[in-house]
Amino acid sequence: MIKAFIFDLDGVIIDSEPLHYEADKIVFREFGIELADGELDGYVGIDTRQMVTELRDKYNIETSVDDLLEKLQCVKLDLLKTWKFEAIDGIRDLISDLKNNNIAIALASSSPMRFIRLAIEKIGISKHFDLIVSGEHVDKSKPEPDIFLRAAHLLEVKPSECLVLEDSVNGVTAAKRAGMKCIGFLNPNSGNQDLSKADKIVTTLERLEYKDLFNNPGKK
C-alpha cells in the first residue's frame, strides 16, 4: 500500500535543468572554462557540492569549493527570480489526486533549500507538501539513498510504502537503493538519462497512473 509519494524537484515538478545548466556555464566561464551540456548530464540529481568539487579538481580551479558554491547559488537564485515557468503538465492534477487519496506528499531534492522554496512558492504549490528534504540535510547525495530514507523516517512510513518520481539515473538509483518504488520520467531537458532501473517509465506526467505499481508489483 502506498502511504507517501516523494517528488524530485528539478525536471519533475519544474523544468529547471536548463536553468541549472546555464548557471553552471556562467560561473565556470568566469574561470575560462566552457562546459558542454553533455558534460553536465551525469550530475543531474547530484548534490551541487559534489558536482562543484569534482569540476574544481578536474579544471584545477584555485577558488575554494565554498566560494564556488556561493557564487553558483547566487547566479541560480537570480535566474530563478526572473525566470518565467510553471509546474510541468500533470503535476497539479497529480498532487490533487494524492491529497484526495490521503497520501503524504514529500519533496526530496538535491538542490539547496533556498532554491527549492523559491521555486515552489513561485508556482504556488508549497502549501501542499507535508515534508521538504534538501541535499543539505544528508551526508551523502544521490545516487546514495540517504535523502529518501530520511524522508520516509520523518514521515514515519516504511520505505516499501513510498513511491518516488524521478527524472535522473542518480535519482532512480537512490530510490531503488532505499527500497522504494520509483517512476522514471523521461524529460528530454534532463539530458541523456538511463532510467531502466525504475519500476515504471513515462514520457508524460499527465493522468499519471501510479497505484498499479502497488496493486501489480511485477508490472513495468
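Test of understanding: extend the Cα→C-beta vector of T204 to 7 Å, then name every residue of the stretch 98-141 with backbone N under 13 Å from that spot. Hits in the stretch 98-141 for T204 at 13 Å: none. Loop-located chymotrypsin sites (Phe, Trp or Tyr not before Pro) in the stretch 21-61 (DSSP state other than H, G, I, E, B) with a sparse environment of at most 16 neighbouring Cβ atoms within 10 Å: F31, Y59. Counted residue by residue at 0.36 nm each, then reduced by the alpha carbon distance between them, the extension gain from K197 to H128 reaches 22.0 nm. Report, for the chain, the % of DSSP beta bridges that are antiparallel, rounded to 5. In the chain, approximately 5 percent of DSSP beta bridges are antiparallel ones.
The lysines whose alpha-carbon is closer than 17 Å to the alpha-carbon of K25, local same-chain residues fewer than 8 away aside, are K58, K71, K76. Across I95, I46, I123, mean-square fluctuation computed from a Gaussian network of the chain (C-alpha pairs under 10 Å connected) peaks at I123. Taking amide H as placed 1.01 Å from N in the peptide plane, the amide H of I88 sits under 5 Å from that of I14, D15, each at least 5 places away or on another chain.
A simple spin-label model places the labels of H153 and D78 3.7 nm from each other, with each point 7 Å out along Cα-to-Cβ. Average projection, convex hull of the Cα set of the stretch 49-172: 8.7 square nanometres. Enclosing the Cα atoms of the chain in their convex hull gives a volume equal to 108 cubic angstrom per residue. Mean projected area of the convex hull spanned by the Cα atoms of the stretch 17-82, taken over all viewing directions: 4.1 nm². Comparing Cα centroids, the stretch 164-203 and the stretch 2-49 end up 15 angstrom apart.
Bear in mind that the values in this text are calculations on the coordinates, not laboratory data. Computed from a prediction, not measured in an experiment: that's the story for all the values here. A quick note on method: Cβ atoms are made from the backbone with ideal geometry, for glycine too, and the neighbour counts reach across all protein chains shown.
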